[in-house]
Structure formats: structure tokens, C-alpha cells
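The values are calculated or read from the model by the stated rules, or taken from the named source; none is laboratory data. Fair warning: this is a prediction, and the values are worked out from it, not measured in the lab. When we count neighbours, we look across all protein chains shown, and the Cβ atoms used for this are built from the backbone with ideal geometry, even at glycine.
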């Protein structure tokens with residue numbers, strides 16, 4: 001009997017030791033991680049801003065929507081994505097949460113994070129602007145990373161074209177003007193699973209976290225290509241130059 005108990009104990013230890021790592025990736029309903037995803041910067045849409053803000057945005061479910069933990073980034077000039085389910089369907093309709101997707105990326109510590117299958121959400125469509133809405137179970141399994149081992153975690157966000165652009169890489173291929181997109185900073189922490197409680201995503205400064213995922217803005221928008229008026233002026237200038245050459 002004693003031998004049987006010993007074998008069962010060893011087997012249980014082996015199973016827990018090889019359990020796949022898990023993490024809770026929600027952007028709300030927790031006390032140590034909550035970020036805001038922003039539209040492209042107004043004057044410089046080709047430049048990304050990262051970092052948690054000290055301010056409060058939207059009407060989030062945790063307190064009033066503040067970034068957790070609070071940061072010092074005050075340079076955001078865009079608007080928090082989402083907050084409603086109505087409006088146009090263009091890449092500049094930042095308020096329609098259905099147009100904006102978020103996906104978790106992950107890999108073993110030291111490797112480049114890759115998309116986690118099934119860990120995809122849209123921005124909120126009823127209040128809570130800036131937060132993404134994980135429906136169902138917010139805990140996901142990270143392939144090829146054992147429970148208790150460190151994983152590098154990251155978030156990707158992009159304009160999904162009403163479901164026609166299904167991935168961050170597809171949005172990048174479409175171009176910034178057609179599909180604004182962005183990647184968060186990378187945070188590294190030990191995963192849960194088995195006997196270990198899955199942690200929330202790594203916020204900067206949290207215990208056991210290296211780096212940290214912070215709020216971030218997307219890159220793209222109409223400002224990344226010449227406006228129609230600029231193109232028209234260019235055509236007019238070129239036409240005038242050709243006419244002058246013809247007269248000579």
C-alpha cells in the first residue's frame with residue numbers, strides 16, 4: 001500500500017511538473033492589470049506611444065477605467081478604441097469596438113511571442129472605451145511552456161475591417177492607412193496551471209515580472225499617406241511644370 005501511495009505521489013508530481021502553462025489575459029475584472037489601447041496619434045500617426053497613463057479613461061469595470069498599475073505616460077493624443085457598436089466601418093471609426101481586434105501572443109521566455117490560437121477578442125462595444133472584452137473563460141493555455149516556467153507575453157491589436165482582416169499580420173500587410181495596428185511591449189512572468197494559480201498578464205512593476213505589458217497606441221490612419229488635398233496640389237504643380245516646359 002505504501003509503495004502504491006508513493007508511486008501515485010510521484011505520478012502526480014510528474015503530471016503537475018509537465019502541466020501546460022496558463023495565464024488570465026483579460027483587460028478588466030482584476031486588480032493588478034488593466035491597460036488602454038489607443039487610436040493612432042493625431043499629429044504623428046506613424047509613431048507609436050507606449051506606457052500606462054496616470055489618468056482615468058472610459059467607464060471601465062475596475063474602478064473607473066484607470067490604467068493598472070498607474071504610469072507616467074501623458075503623451076497620448078488619440079482616443080481610446082471602442083465604447084460603442086455603431087458608426088461607420090472605416091479605419092478611422094475608432095469608437096466602433098466591433099472593428100478592432102486584440103490577440104494574445106506568447107512564447108517561452110527568450111523567444112519571440114507568436115499568436116495564441118483562440119485568444120482573440122474585440123474592444124468593448126458598450127462603454128469601457130479602451131478596454132478589450134474577453135468573453136467566456138479568460139484563462140488560456142500557452143503551448144510549449146510548462147506551468148511554473150517563464151513566458152514572454154504580448155498583445156497585438158488591429159483594425160479588422162468588420163471581420164475581413166483576421167490577423168495582425170494581415171493588417172500589417174494591408175498597410176497602416178488601410179488597417180491601423182500595433183504591438184504592446186513584452187512582459188515576462190511565470191505561468192500557472194496544475195497546482196499553480198494562473199496569473200493575470202504581467203503589468204510593469206508587478207511581483208515576478210520582467211518588463212511588463214503597458215497601454216499602447218496603434219500606428220496608421222489617414223495621416224500616414226498624403227491627404228487628397230496634398231495629392232491634388234502635387235498634380236497641379238506637376239501640370240504647371242510640364243506646361244512651362246512645353247511653352248519653352
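If you take the residues of segment 172-185 that are within 20 Å of residue 98 (Cβ to Cβ) and in contact (Cβ under 8 Å) with a residue 40 or more places away in the chain, which of them is surrounded by the fewest Cβ atoms within 10 Å (Cβ to Cβ)?
178
Here's a check for you: in segment 186-204, which residue that is assigned to a loop (DSSP other than H, G, I, E, B) and touching a helix residue (DSSP H, G or I) at 6+ places or on another chain (Cβ under 9 Å) is surrounded by the most Cβ atoms within 10 Å (Cβ to Cβ)?
Looking at residues that are assigned to a loop (DSSP other than H, G, I, E, B) and touching a helix residue (DSSP H, G or I) at 6+ places or on another chain (Cβ under 9 Å), I get 194.
Looking only at segment 148-155, decide whether some residue is over 15 Å from the mean Cα position of the chain (by Cα) and without any contact (Cβ under 8 Å) to a residue 40 or more places away in the chain.
no
Have a look at 239, 207 and point out the one that is more than 16 Å from the chain's Cα centre (by Cα), at pLDDT below 90, in a loop (DSSP other than H, G, I, E, B) and more than 27 Å from residue 47 (Cβ to Cβ).
207
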